[in-house]
Amino acid sequence: MTGRFPAHIARIALLPALLLAGISGCSGPPPAEHPLSEDALKAVSDDAGAPSDVVARQIDDLFSKPALGETRSLLVYHNGAIVAERYGEGYDENTRLISWSMAKTITAVMIGMLVSDGRLRLDESVPEPRWNRPGDPRAEITLRQLLQMRAGLRHTEAGDPPYESSEVRMLFMDGRDDMADWATSQPLEAEPGAKFEYSSNTTVILADIAARVLTDSSDPDIRRTAVDTYLRTRLFGPIGMDSMVPEYDANGTLIGGSLMHATARDWGKFGEFLRNGGSVRGAQLIPRKWIDFMTTPSPRSPHYGGQTWLNRPTGDDQHPLFPNRAPDNMFAAIGHMGQYVLVSPSQGLTIVRLGHSTSEERPPMLQELADIMELYPER
């Protein structure tokens, strides 16, 4: 023998040392978590329903990670009590923040109250004069179909370029002064009830129907007052949503699909009202079966009910919620740019997140919200 190892034996002999070097030199220990600020720790109650420091850490991620956008407010209700509340710089518990499409769920509750009053019926043609002319196929559209976003009208929520979308035209361009008139003037593109198509135009039609039921007047001020009084008397007042400011167009129609403003606490109160099946402090403001309707999948979309998003699997990677990380009975009011009221009855949870996140920032931000929800077991 020459006293030299064959090359392959030498490589084998050196392998453990190389592996150790790689482990110690390349990977190293996991990076230490940054210390939480006093504000982050104070934002969480000692009785948070989950370890307070862990909840504080998860909430801090929403405010500190740059790839998630700007979180302006975060509120957690657990078993009926606020257990966490935090605000970004320049915002506090008195700041009204815009709903965007979270308003749709409030509009659905208003319609449900009119149904329970006997003034509307789910499966009858709606009181829309333009459609109720002889031979107009839109006369077949029912209230149920409007609520479930399957009316069949030619409404395009997103367009390329954006100004070609029905939503932008109705809100900001040729439809802005009389939004319901613009929305109801669109023709059918599918048989009523046949397909799901999310549409802010549809919710404005629902708001116009409410105004027509509440007053015979076409005067914008009277229409506005009738709807505003109804909402404040029947919904906002009893719930305690004192900060709520709904917007109306020039014709006095509630912009019920997009534009309501309220504090995070009031959005949380609305979520709790839904979590409790339409009751507040033992008073049933709306039949529980209406909340069941709003949170039951429509025949054309497993992840959408009555103006409400559902946490039901669809097989689509672009799901607006996270069916793999929260109970099936979780539901949500969702608004443009990352507004969320997440309600999980089986966990006793309502979580409000308000802020500004782009389309790229929203998916990871939503997973951070899922991290918070996963801290709470089902009851």
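Averaging the sequence gap over all C-alpha pairs within less than 8 Å and six or more residues apart, then dividing by the number of residues, gives the chain a relative contact order of 20 percent. Per-residue SASA remark: Asp316, around 90 Å² accessible (1.4 Å probe; ligands, DNA and RNA not included). Anything over 30 Å Cα to Cα? Flag those among Lys65/Lys289; Lys195/Lys269; Lys42/Lys65; Lys104/Lys195, in the order listed. Pairs exceeding the cut-off: Lys65/Lys289; Lys195/Lys269. The simple spin-label model puts a point 7 Å past each Cα toward its Cβ; for His261 and Arg176 those points are separated by 1.6 nm.
Put simply, region 96-249 fits an ellipsoid with semi-axes of 24, 19, 15 Å; these come from the alpha carbon gyration tensor as the roots of five times its eigenvalues, largest first. With the whole protein complex present, Ser199 retains an accessible surface near 0 Å², based on a 1.4 Å probe. Against the main long axis of the alpha-carbon atoms of the chain, helix 52-64 sits at an angle near 80°.
Enter the Cα centre distance for the pair region 279-309 and region 98-140, rounded to the nearest angstrom. Measuring centre to centre over Cα atoms gives 15 Å. The string of couplings for region 212-219 from the Karplus curve (6.51, -1.76, 1.60, θ = phi - 60°) is 5, 6, 7, 8, 8, 6, 9, 5 Hz, one whole number per residue in order, with x for Gly and Pro.
Comparing Glu272, Glu167, Glu89 in a Gaussian network model of the chain where C-alpha atoms under 10 Å apart are linked, the largest mean-square fluctuation is found at Glu89.
Our coupling estimate for region 133-146, obtained by passing each phi through the Karplus curve with A = 6.51, B = -1.76, C = 1.60 and θ = phi - 60°, is 8, x, x, 7, x, 5, 5, 7, 5, 9, 4, 4, 5, 4 Hz, Gly and Pro reported as x. In the chain, the longest principal axis of the Cα atoms and the axis of helix 103-116 are about 40 degrees apart. Normalised by 2.2 N^0.38 Å, with N the number of residues, the alpha-carbon radius of gyration of region 262-379 equals 1.03. Applying a DSSP loop filter and a limit of 14 other Cβ atoms within 10 Å to the trypsin sites (Lys or Arg not before Pro) in region 164-218 leaves Lys195.
Largest first, the residues Val213, Val227 sort by 1.4 Å accessible area into Val213, Val227.
Per residue, how much accessible surface does the chain expose to a 1.4 Å probe? Answer in Å², no decimals. The partial results should precede the final answer.
Working: 17440 Å² over 379 residues.
Per residue, the chain has an accessible area of 46 Å².
Sequentially through region 277-291, phi angles give Karplus couplings (6.51, -1.76, 1.60; θ = phi - 60°) of x, x, 10, 9, 6, x, 9, 8, 6, 8, x, 4, 5, 6, 5 Hz, Gly and Pro residues having no value and appearing as x.
Relative to the longest principal axis of the Cα atoms of the chain, the long axis of helix 7-22 lies at roughly 50 degrees. Distance from the alpha carbon centroid of region 192-214 to that of region 353-367 works out to 27 angstrom. Distant-in-sequence amide contacts of Asn251, defined by a placed amide H-H separation under 5 Å and a gap of 5 or more residues or a different chain, comprise Met179.
Scaling the Cα radius of gyration of region 90-181 by the globular reference 2.2 N^0.38 Å produces a ratio of 1.33.
Computing FRET efficiency as 1/(1 + (r/R0)^6) for Leu41 and Ser217, where r is the C-beta to C-beta distance and R0 is 45 Å, gives about 0.25.
Using a Förster distance of 35 angstrom, determine the FRET efficiency expected from the C-beta separation of Glu140 and Ala250, and round it to 0.05. Result of the calculation: an efficiency of 0.70.
The values are calculated or read from the model by the stated rules, or taken from the named source; none is laboratory data. It should be emphasised that the depicted structure is a prediction, and the values quoted were computed from it without experimental measurement. As a convention, Cβ positions derive from the backbone with ideal geometry for all residues, glycine included, and neighbour counts pool all protein chains shown. Please note that ligands, DNA and RNA were not included when accessible areas were found on the heavy atoms of the full protein model with its side chains. Shrake-Rupley method; radii C 1.70, N 1.55, O 1.52, S 1.80 Å.
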